[in-house]
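J.: Before I ask anything, here is the structure I am working with.
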Amino acid sequence: MKKVDFEKLILFESADYIVINKPPYLSSLDDRHEAQNILDLARTYTSDPQLCHRLDKETSGCLVIAKNPDAYRNLAMQFENRKVEKVYHAVIEGIKELEAELVDRNLVATTKGIAKVSKDGKPAQTIFQTLKTYYAHTLVECKPITGRLHQIRVHLAYLKSPICGDTLYGGRPLFLSTLKRKFNLKKDTEELPIMQRVSLHAFAISFLGTDQETIRVEAPYPKDFRVLLDQLEKSG
């Protein structure tokens with residue numbers, strides 16, 4: 001992976017916070033297998049950055065970094081009191097008409113880093129809303145109220161609507177050949193999925209700054225997510 005220019009990721013900056021559009025395939029924190037991660041990149045830009053939350057390595061979108069301890073504490077309290085509003089967009093399998101659908105199912109994380117629905121797990125709630133339906137897929141808005149491991153992914157799988165490309169929770173990769181009737185693959189080449197990761201993007205985040213003003217930031221879709229939606233649009 002080529003060196004990422006941290007400044008180009010910045011969507012919003014104040015004296016206290018930086019909100020970036022995290023690229024996919026980049027870990028939030030230190031990863032033994034990677035030369036770079038978001039926290040290290042942030043250190044090249046500001047002296048004392050702290051990540052206020054995390055995104056899965058594959059997930060793109062809004063990530064908030066505090067520039068000082070007071071700013072970090074301010075947002076940590078809001079996360080604890082569930083005052084931060086996070087909005088994700090996901091492409092799921094099937095056509096689903098979801099109208100402020102609340103999934104309230106406890107989740108437990110296994111030692112292997114996989115989450116599952118379990119009455120013995122920790123409380124987890126997500127609200128889902130259909131944004132657009134296509135021929136055999138749906139673009140949904142996901143608002144997690146709690147912040148459990150893989151919460152959105154597991155709750156969508158619970159609705160029997162796994163996220164495209166989320167093989168861990170029953171989602172299948174989406175190939176152009178399934179959308180295009182006249183699709184010809186070059187001889188001796190293997191077809192790759194349109195999007196080679198979980199089709200999930202942290203679209204927006206909203207919280208209060210240290211002076212109690214509302215900060216709301218939206219992250220444009222990365223190229224692979226945009227391409228996927230364009231292909232779904234073309235297929236009807």
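J.: Do we find a residue being assigned to a helix (DSSP H, G or I), under 24 Å from Arg197 (Cα atoms) and polar (S, T, N, Q) anywhere in region 98-110?
T.: No, region 98-110 contains no residue that is assigned to a helix (DSSP H, G or I), under 24 Å from Arg197 (Cα atoms) and polar (S, T, N, Q).
J.: Any residue that is farther than 18 Å from Thr59 by Cβ and modelled with pLDDT of 95 or more - is there at least one of those in region 146-157?
T.: Within region 146-157, the subset farther than 18 Å from Thr59 by Cβ is none.
No - not one qualifying residue is present in region 146-157.
J.: Please work out if Leu159 is free of Cβ contacts under 8 Å to residues at least 60 places away in the same chain, hydrophobic (A, V, I, L, M, F, W, C) and either surrounded by fewer than 21 Cβ atoms within 10 Å (Cβ to Cβ) or within 29 Å of Thr110 (Cβ to Cβ) (or both).
T.: no
J.: Sticking with this structure for a sec: The conditions are (1) surrounded by fewer than 20 Cβ atoms within 10 Å (Cβ to Cβ); (2) over 18 Å from Ala115 (Cβ atoms); (3) polar (S, T, N, Q); (4) touching a residue at least 12 places away in the same chain (Cβ under 8 Å), and Thr146 fails exactly one of them. Which is it?
T.: Evaluating Thr146 over (1) surrounded by fewer than 20 Cβ atoms within 10 Å (Cβ to Cβ); (2) over 18 Å from Ala115 (Cβ atoms); (3) polar (S, T, N, Q); (4) touching a residue at least 12 places away in the same chain (Cβ under 8 Å) leaves (2) as the failure.
J.: Let me ask something additional. Sort through Lys57, Lys86 and tell me the only one that's in a strand (DSSP E or B) and within 30 Å of Ala136 (Cα to Cα).
T.: Result: Lys86 is the single residue among Lys57, Lys86 that is in a strand (DSSP E or B) and within 30 Å of Ala136 (Cα to Cα).
J.: Could you tell me which residue of region 180-211 is farthest from Pro162 (Cα to Cα), considering only residues that are modelled with pLDDT of 95 or more and of a type in the set (S, T, N, Q)?
T.: Here the residue is Thr210.
J.: Can you pull out every residue in region 132-143 that is surrounded by 15 or more Cβ atoms within 10 Å (Cβ to Cβ) and part of a strand (DSSP E or B)?
T.: Thr133, His137, Thr138, Leu139, Val140, Glu141, Cys142, Lys143
The values are calculated or read from the model by the stated rules, or taken from the named source; none is laboratory data. Worth saying up front: this structure is predicted, and the values here are computed from it rather than measured. In this analysis, Cβ positions are derived from the backbone assuming ideal geometry, glycine residues included, and neighbour counts consider all displayed protein chains.
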